[in-house]
Amino acid sequence: MDVRDLDPAVRGALRGMDPRNVERVAAHLVAAGTLVEEDPAAALAHARAARDRASRVAAVREAVGVAAYHAEDYAEAARELRAYRRMSGDEGYRAVLADCERALGRPEVALRLVAEALADKPDADETVELRIVESGARLDLGEAAAARLVLEAALGSPLDPSSLHPGDHARLRLASAYAELLELQGQADRAMDWFVAIAGADPEDITGAVDRLGIEFTDLEDVVVDVDARETAQAFDDQAPYQPGRSEEPAPPEVVAPLPEDDHGLGRSFDEEVEAEVAELLGEVDPPSDAAEPGEGHTGTH
């Protein structure tokens with residue numbers, strides 16, 4: 001781990017410690033932050049190792065709490081995040097602490113923490129997370145209708161999947177929780193409408209809807225290159241431009257009967273050909289000097 005990747009504010013908090021200890025603690029914190037999403041258990045092990053060397057640093061206790069939450073060790077997460085709050089005065093993890101109480105089987109405590117946090121009028125992002133935890137706690141208590149009302153009120157009007165827009169991450173988070181609740185309540189079709197809309201507005205898959213639906217996005221630039229290649233290959237095959245939807249097997253070329261030629265070597269229409277033959281039969285005109293052999297010159301019948 002490169003300790004230079006550590007946040008400067010955290011590096012500043014480590015000053016005053018033995019330099020060799022600072023390097024070790026910093027390396028463990030960088031490892032914990034790097035691994036927290038893909039390997040939460042390993043991240044928690046690194047965060048604990050940092051705590052063993054610097055338990056009085058608030059940022060270290062924060063790292064342990066966050067890693068423990070991702071590793072689903074909710075008791076340790078709650079304990080460490082409360083320690084971090086006492087040491088730093090930061091109230092930013094109230095939704096996480098309430099969710100830990102839910103996970104520990106104490107939904108009533110979770111609701112109390114949510115109510116206290118909402119009374120302080122937090123910012124929009126924290127409010128969204130608090131409402132999601134509140135809905136989950138209501139569901140834990142068997143209050144399914146109340147859980148749904150919490151999310152519907154937070155989503156606001158219109159309560160329509162088509163109203164979702166890219167970049168509105170807070171509302172996409174609410175919509176994801178709402179879709180999961182609908183699915184849980186047996187409304188699979190309506191839930192799917194929401195999941196599809198969320199995935200369309202969230203190609204970076206912050207909500208996890210894209211992964212849930214198994215959607216793969218294709219780079220438009222790659223598609224254009226592929227179409228150009230197919231057009232080039234088709235042109236070499238039959239000198240015809242590629243047409244979307246065209247089958248792999250080219251259609252057989254249309255057979256067109258050659259037009260008979262008149263005395264001046266120019267092609268004549270079918271009607272003109274018929275008139276000329278009738279006139280010849282009636283003796284109105286002289287037969288051509290170089291008459292074609294039967295079966296040559298045209299494909300019509302007399």
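Note on the stretch 1-55: enclosed helices (runs of 4 or more DSSP H) holding 2 or more residues that are under 17 Å from H70 (Cα atoms) are 19-35, 40-53. The residues listed here are R131, R106; of these, the one that is of a type in the set (K, R), touching a residue at least 12 places away in the same chain (Cβ under 8 Å) and over 30 Å from P8 (Cβ atoms) is R131.
If only residues of the stretch 118-149 that are among the acidic types (D, E) and more than 30 Å from the chain's Cα centre (by Cα) are counted, the one that is surrounded by the most Cβ atoms within 10 Å (Cβ to Cβ) is E143. Looking at V64, V109, just one residue is at pLDDT 95 or above and either surrounded by fewer than 19 Cβ atoms within 10 Å (Cβ to Cβ) or not assigned by TED's automatic domain parsing to the domain that holds G12 (or both), and that residue is V109. Checking each residue in the stretch 88-129 for being in a helix (DSSP H, G or I) and of a type in the set (D, E, K, R) picks out R94, D99, E101, R102, E108, R112, E116, D125, E126, E129. Selection of first residues in the stretch 70-87 that are part of a loop (DSSP other than H, G, I, E, B) and of second residues that are modelled with pLDDT of 95 or more, restricted to Cβ pairs under 7 Å at least 6 apart or on distinct chains, gives the following pairs, ordered by first then second residue: A71/P40; A71/A41; A71/L44; D73/L44.
If you go through the stretch 193-218 and keep only what is without any contact (Cβ under 8 Å) to a residue 24 or more places away in the chain and either of a type in the set (D, E, K, R) or within 20 Å of A147 (Cβ to Cβ) (or both), you end up with F195, E204, D205, D211, R212, E216. Criterion applied to R61, R53, R15 was being within 19 Å of Y93 (Cα to Cα) and charged (D, E, K, R), and the one residue passing it is R61. Can you tell me how many residues within the stretch 170-190 are farther than 17 Å from V133 by Cβ and surrounded by fewer than 19 Cβ atoms within 10 Å (Cβ to Cβ)? So the count comes out to 7.
Out of curiosity, is A115 buried (at least 22 other Cβ atoms within 10 Å of the Cβ) and closer than 19 Å to L149 by Cα? Spelling it out, it is not the case that A115 is buried (at least 22 other Cβ atoms within 10 Å of the Cβ) and closer than 19 Å to L149 by Cα.
The values are calculated or read from the model by the stated rules, or taken from the named source; none is laboratory data. Please read these numbers as outputs of a predicted model, since none were measured by experiment. With ideal geometry, Cβ positions are generated from the backbone for all residues, glycine too; neighbour counts draw on all protein chains shown.
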